[in-house]
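Here's the structure we're looking at; comments come further down.
Nothing in this text is a laboratory measurement; each read-out follows from the coordinates by a stated rule. Because the structure is a prediction, the values reported are computed rather than measured. When we count neighbours, we look across all protein chains shown, and the Cβ atoms used for this are built from the backbone with ideal geometry, even at glycine.
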Amino acid sequence: MLTREEAIEIFMKSKALLTGHYRLTSGRHSSQYMQCAQVLQYPRYAGQLCDSLAEKFAGIQVDLVVGPALGGIIVAYEVGRALGVKTFFTEREQGVMSLRRGFAVNPGEKVLVVEDVVTTGGSVKEVIDVVREKGGEVVGVGVLVDRSNGKVDFGVRTESILKMEIESFDPEDCPLCKQGLPVVKPGSRQV
Ligand SMILES: [Zn+2]
């Protein structure tokens with residue numbers, strides 16, 4: 001299983017985690033920037049992270065791994081591969097999280113719900129609702145990066161590879177601005 005340091009190294013090597021001086025979408029400034037999709041560009045890293053996430057659920061029966069599109073698709077696939085079980089994704093249809101393409105959860109199936117990044121946990125909760133509505137049993141939630149700062153409770157066993165809260169500053173009161181470092185605006189809606 002990856003240590004926190006090894007996981008951080010993978011996120012930094014893949015440029016999913018950047019350090020510098022960033023202007024976030026909120027307008028606040030930060031010395032760190034996270035774009036989880038960057039790490040999933042590399043199958044080897046995605047495999048290492050998802051193997052480690054799957055290992056955290058060793059000993060629990062899982063019949064199916066489900067993640068929400070788009071962020072959860074690769075994570076679901078890789079965790080499903082590690083566990084040797086079926087995997088698919090949910091997606092929004094007119095704004096509502098749904099099972100499409102003939103994907104089905106059978107009553108009584110034990111389902112692990114996965115996602116790349118959790119902040120408010122909204123998408124994961126919607127996937128849990130979809131699974132339960134079909135009679136599936138949610139046995140856990142696995143996420144690569146937990147940015148909820150402990151504020152989200154899914155009511156089931158939840159595991160993550162990396163828990164991190166990215167500190168941000170009011171631009172008027174930003175220590176990096178005070179040092180005269182130029183600020184960069186990364187392109188992403190994830191921040
Ligand atoms: Zn600043």
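Fewest-first ordering of Tyr77, Tyr33, Tyr42 by other beta carbons within 10 Å of each residue's beta carbon gives Tyr42, Tyr77, Tyr33. Label point of Asp129 set 7 angstrom out along Cα-Cβ; within the stretch 155-180, amide nitrogens under 17 Å from it belong to 155-156. Taken along the Cα-to-beta-carbon direction at a fixed 7 Å, the label points for Asn106 and Gln61 span 1.3 nm.
Estimated from the Cβ-Cβ distance and a Förster radius of 30 angstrom, the FRET efficiency linking Lys185 and Tyr42 is about 0.75. Quick one: grab the alpha carbon gyration tensor of the stretch 89-151, order the square roots of its eigenvalues as a ≥ b ≥ c, and give me rounded if a/c is under 1.5, else prolate or oblate depending on whether a/b is larger than b/c. Oblate, because a/c is 1.5 or more while a/b does not exceed b/c.
Put simply, the chain fits an ellipsoid with semi-axes of 32, 18, 14 Å; these come from the alpha carbon gyration tensor as the roots of five times its eigenvalues, largest first. With contacts taken as Cα pairs under 8 Å at a separation of at least 6 residues, the stretch 4-178 carries a relative contact order of 21 percent. When shorter helices are ignored and each DSSP H run of at least 4 residues is given -39500 (n - 2.57), the per-residue value for the chain at 222 nm works out to -8000 deg cm²/dmol.
In plain terms, the chain from Ser98 to Cys177 could stretch by 24.0 nm, reckoned as 0.36 nm per residue minus the Cα-Cα distance. Got a sec? How would Thr90, Thr119, Thr158 order by Cβ neighbour count within 10 Å, fewest to most? Listing Thr90, Thr119, Thr158 from fewest to most nearby Cβ atoms yields Thr119, Thr158, Thr90.
Going from the residue with the fewest nearby Cβ atoms within 10 Å to the one with the most, Ile60, Ile73, Ile8, Ile161 rank Ile60, Ile8, Ile73, Ile161.
Between Val114 and Val66, Gly67, Gly142, the built amide H atoms are under 5 Å apart, and every one of these is 5 or more places off in sequence or on another chain. Legend: residue pairs Lys86/Lys134; Lys56/Lys125; Lys56/Lys185; Lys86/Lys151, Cα-Cα distance threshold 28 Å; pairs beyond threshold, Lys56/Lys185; Lys86/Lys151. For the chain, Cys36, Cys50 have no disulfide-compatible partner, since no other Cys C-beta lies under 4.7 Å from theirs.
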